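These notes are about the structure you will find just below.
Read-outs: derived from the displayed coordinates by stated rules, not from any lab. Everything numeric here is computed off the predicted structure, so don't read it as measured data. Cβ coordinates were reconstructed from backbone atoms using ideal geometry, including for glycine residues, and neighbour counts include every protein chain displayed.
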Amino acid sequence: MAKLSAYFSKRYANLEPYVPGEQPQDKQYIKLNTNESPYEPAASVLDAVKKEAHLLNLYSDPECTLLRNKMADVYGLKPGQILMTNGSDEALNFAFMAFSDEDTPLVFPDITYGFYPVFAQLNKIPYYEIPLAEDFSIDITDYMNCGKTIVIANPNAPTGLVLSLAGIEKLVQNNQDAAVIIDEAYVDFGNDSARSLINIYDNLLVIGTFSKSKSLAGARLGFAFGNESLIAALNTIKYSTNPYNVNRLTMVAGLAALESLDYYDTACQNIIKSRDWTSAQLRNLGFEVLPSCANFVFAKSKNISGEALYNALKQRGILVRHFNNKRITDFNRITIGTQEQMELCISAIKEIMKGA
Ligand SMILES: *Cc1c(COP(=O)(O)O)cnc(C)c1O
């Protein structure tokens, strides 16, 4: 990267930006590194985008009316309890801006989605990281009445582990002086959503995305569910940042996706089956594999370092995600692709382990 301009504001001098998983353009890899869906969007989504394209001269509906109404139907909420965003990353950023500051700083686990500390730094919000337990689980007693804005990814990333709905409810119940933000990017791969609680607790914000289970990572569509006054607060931030945050093509793509839920259910079921197959295969090869409720597995072997395995797979045209973080440096996060891709991945790992 080029040297930062001398004109760059000192306000951001120490900002360490998020490092996305690599998207190399040099050759075709089997991409198991950024938790995308291996399946195309539903045919109805492709049609809807084609039909809408001629209207790109016009701004999109800033209120996302049709899409929010459909979301409300599908998820059993009121349209006023929903905000649509440009990926769920934007919902997270808006939520941090709206619900935390020096007086109510952020708190999240030491091992979780890497964007949380970045958005905190960007917005000058102090944050605390609470270490996960030895087995990488979250101990909710660490978060009781903590006087901070809690952010929990559930399932957590990159571990894939879940907190029960009862656990989430305790967190929300015992922190009513602050917002509790539950990031459910992976909820459709076998976990209960906390959205059923938002009519009971007015401090609960649930964030979701179309990127993973709805095959729309490239369209950028996310959302937040919360009671109407939380959503009104988020709208204040949105209308002060980017009123047309969801573009026309993405809006109709999202709407069509919600009309093809059977297609996505089948895709999720396939991914869950391949995830369980992949976990079993890795365990047979002596790997420790955390029990995942997401579309990825997090695994390590005593016989090869995380980085060596990452490099050896990359050489064979398979990308996985390795994190340069001491506590998890022996692990790799492997996105679940199609069953065929997972069979290729496991064969490659077998070959590599023979040489290791
Ligand atoms: C992928 C991911 C997101 C962001 O997804 P968007 O593509 O911005 O919707 C948010 N949180 C977690 C935990 C994720 O893994």
Choice from 74, 252, 107 showing the highest fluctuation, given a GNM over the chain with Cα pairs closer than 10 Å: 74
Theoretical FRET efficiency, 1/(1+(r/R0)^6), r = Cβ-Cβ of residue 61 and residue 266, R0 25 Å, to 0.05: 0.25
D for segment 1-157, whole µm²/s, Stokes-Einstein with Kirkwood Rh over alpha-carbon pairs at 4 °C and 1.567 mPa s: what number? 66
Taking just the alpha-carbon atoms of segment 148-213, what radius of gyration and Dmax come out, in angstrom? 11.2, 33
Output the DSSP H helices from the chain with an along-axis C-alpha extent of no less than 18 Å and a mean Kyte-Doolittle hydropathy no less than -1.0. 87-99, 261-284, 339-355
Plugging the Cβ-Cβ distance of residue 121 and residue 4 into 1/(1 + (r/R0)^6) at R0 = 25 Å yields, to the nearest 0.05, a FRET efficiency of 0.95
Report for the chain the percent antiparallel among DSSP-assigned beta bridges with both residues inside it, nearest 5. 50
Segment 214-356: spread of alpha-carbon positions along the three principal axes, whole Å, largest first, is 56, 36, 27
Report the residue, chosen from 79, 17, 109, that carries the largest GNM mean-square fluctuation when the chain is represented by alpha-carbon nodes joined by springs under 10 Å. 17
Would you please put 173-184, 309-320, 48-59, 206-217 in order of how densely packed they are, using the mean number of other Cβ atoms within 10 angstrom per residue and starting with the highest? 206-217, 173-184, 309-320, 48-59
Compactness of segment 124-250, expressed as Rg and Dmax over alpha-carbon positions, Å: 15.3, 46
Using Cα-Cα distances under 8 Å and only pairs 6 or more residues apart, what relative contact order does the chain have, in percent? 23
Pick from 121, 81, 25: which is most flexible by mean-square fluctuation in a GNM of the chain where alpha carbon atoms under 10 Å apart are linked? 25
Measure of size requested: the Rg and Dmax of segment 181-296, with Cα atoms as the atom set and Å as the unit; please supply both. 17.1, 53
Cross-link candidates for residue 148: which lysines have Cα within less than 16 Å, leaving aside residues fewer than 8 places away along the same chain? 124, 170
10 °C / 1.306 mPa s Stokes-Einstein diffusion coefficient of the chain, Kirkwood radius on C-alpha pairs, µm²/s: 75
Per q in 0.30 1/Å, what log10 I(q)/I(0) does a Debye calculation on the alpha-carbon atoms of segment 1-50 return? -1.16
Describe numerically, in nm with one decimal, the distance between label points set 7 Å from Cα along Cα→Cβ at residue 40 and at residue 192. 3.8
Per DSSP H run of n ≥ 4, the term is -39500 (n - 2.57); total these for the chain, divide by its residue number, and report the mean residue ellipticity at 222 nm rounded to 500 deg cm²/dmol. -11000 deg cm²/dmol
Reported to two decimal places, what Rg/Rh ratio describes segment 106-180 when computed on Cα atoms with Rh from the Kirkwood expression? 0.94
For residue 337, list long-range residues whose amide hydrogen, built 1.01 Å from N in the peptide plane, is under 5 Å from its own amide hydrogen. 342
